[in-house]
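Just below is one structure, and these are the notes that go with it.
A short reminder: the numbers here are calculations on the coordinates, not readings from a lab. Since this is a predicted model, take the numbers as computed values, not measurements. Backbone-built Cβ (ideal geometry, glycine too); neighbour counts: all protein chains shown.
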Amino acid sequence: MSRELFFIETPQGRIAASKVGWDQAYSSVVLMAHGFSPDAGMTENAKIFFDTSNLFAASNIASMAFDFLGNGQSDGHFREISPNQRIETVIFLIDWLKDQINKPLFLLGFSMGGAISVYSAAKREKDLKGLLTWSCVPSFDKKSPSATWFQDKPDFSMVDTIGDVFYTDKPDQTIADTYIGLSLPKLQIQGDQDYPGFREEFTAFYAKAKEPKEHIIIPEADHSFMKVHGRTLLMENSRDWILKNIS
């Protein structure tokens, strides 16, 4: 499937993006928000996003992935980009897409991109047909049990590269309370081997979330769905859920 690379000018800076499935008749569009690390972006998440985009396109679902500011080919420096700035980027892209298309729009966020997508969906709920999250970060609180996921990895550079703005320039409302308040259709997929605290924390507030909602746990799948079987189930379940919720 052909992929178009391009740039979008935003008030915050230039965003690198890619489209798949736009060169055919499509029934809907999925905006895809990547995970959080200095090396994340369309490059790091290329395999999972591009494979998913191709699977979506085979079912006439178009998609657009992008690099957050401070990541990949987009403007900015990673340490200086806060959660609120990332939310502003997703909101800008939702508005930008709504001006480009007249089709149902879904928002998909992976890991930290999932948390950012939860907040963004709350700001643009009327413009979205549904919210998909993969291994969604359940809390921005550094005292949360789920916050140990990068601290336990001595070979991972996250601790040294998170700027102070990550903890200071963030929404006042928790991810949990924001998710609970959403009325649009929601799908969360994660593995039973997700990072410590992720599944437990998400499951706790998912129970309070409004219908329609669905929470899929994939056996023997880790946070990034590295095993082929788990990743295939992730992509196929996402596609099937979108097709079910288009109308």
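Taking every residue in the range 207-233 that is closer than 16 Å to Cys136 by Cβ and pairing it with any residue that is surrounded by 16 or more Cβ atoms within 10 Å (Cβ to Cβ) and acidic (Asp, Glu), at least 6 positions away or on another chain, the pairs with Cβ-Cβ distances below 6 Å are His223/Asp194. A single member of Ser74, Ser135, Ser117 is polar (S, T, N, Q), under 18 Å from Asp169 (Cα atoms) and surrounded by 20 or more Cβ atoms within 10 Å (Cβ to Cβ), and it is Ser117. Taking the range 49-90 as the range and being in contact with a Ser or Thr (Cβ under 9 Å, 6 or more places away or on another chain) and on the phi > 0 side of the Ramachandran plot as the test, the residues that pass are Asn60, Gly72.
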